[in-house]
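These notes are about the structure you will find just below.
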Amino acid sequence: MKTKIRLFGAALAATVLAACANHTPVIDHRTSNKTTAEYERDLSECQSYAEERGFAQDTAIGTLGGAALGAALGAATGAVLGSPGSGAALGAAVGGIGGGAGAGGNAALEQKRIINNCMRNRGYSVLE
């Protein structure tokens with residue numbers, strides 16, 4: 001069970017990480033009046049700004065918070081069912097995955113917003 005939870009958590013983290021600062025906004029190039037070289041330079045710089053957002057830190061804090069809350073709830077449930085230690089371990093694993101995924105997802109959305117705003121401020125017509 002723990003192995004399945006860890007594999008799920010690793011896959012989820014990899015998926016969220018892949019979506020972060022590598023976001024490429026949908027641009028209406030016909031109205032942006034920029035060259036391909038300018039676009040590539042600006043996109044790279046905007047993605048660099050988004051990387052500074054601290055995705056890893058947000059995810060780690062969410063994971064720890066979720067694990068702590070999950071462990072407490074799991075221990076309480078486990079105590080009622082006769083196994084507080086097992087309940088706490090399972091609760092920590094599930095809570096950590098949920099907390100990390102939630103915080104990571106929020107950080108990824110924030111990075112996407114940073115990239116879109118950066119490109120818009122540089123004169124691009126950002127559609128999404």
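What pairs come out if I take residues in region 31-49 that are assigned to a helix (DSSP H, G or I) and pair them with residues that are surrounded by 14 or more Cβ atoms within 10 Å (Cβ to Cβ) and of a type in the set (Gly, Ala, Ser) whose C-beta lies under 8 Å away, six or more apart or interchain?
Matching pairs, first to second residue: Thr31/Ser125; Ser32/Ser125; Tyr39/Ser32; Gln47/Ala21; Ser48/Ala21.
So, of the residues in region 9-68 that are acidic (Asp, Glu) and at pLDDT below 90, which turns out to be farthest from Arg120 (Cα to Cα)?
Asp58
The values are calculated or read from the model by the stated rules, or taken from the named source; none is laboratory data. These numbers were taken from a predicted model, which means no experiment stands behind them. Quick reminder, even Gly has a Cβ in these numbers, built from the backbone with ideal geometry, and neighbours come from all protein chains shown.
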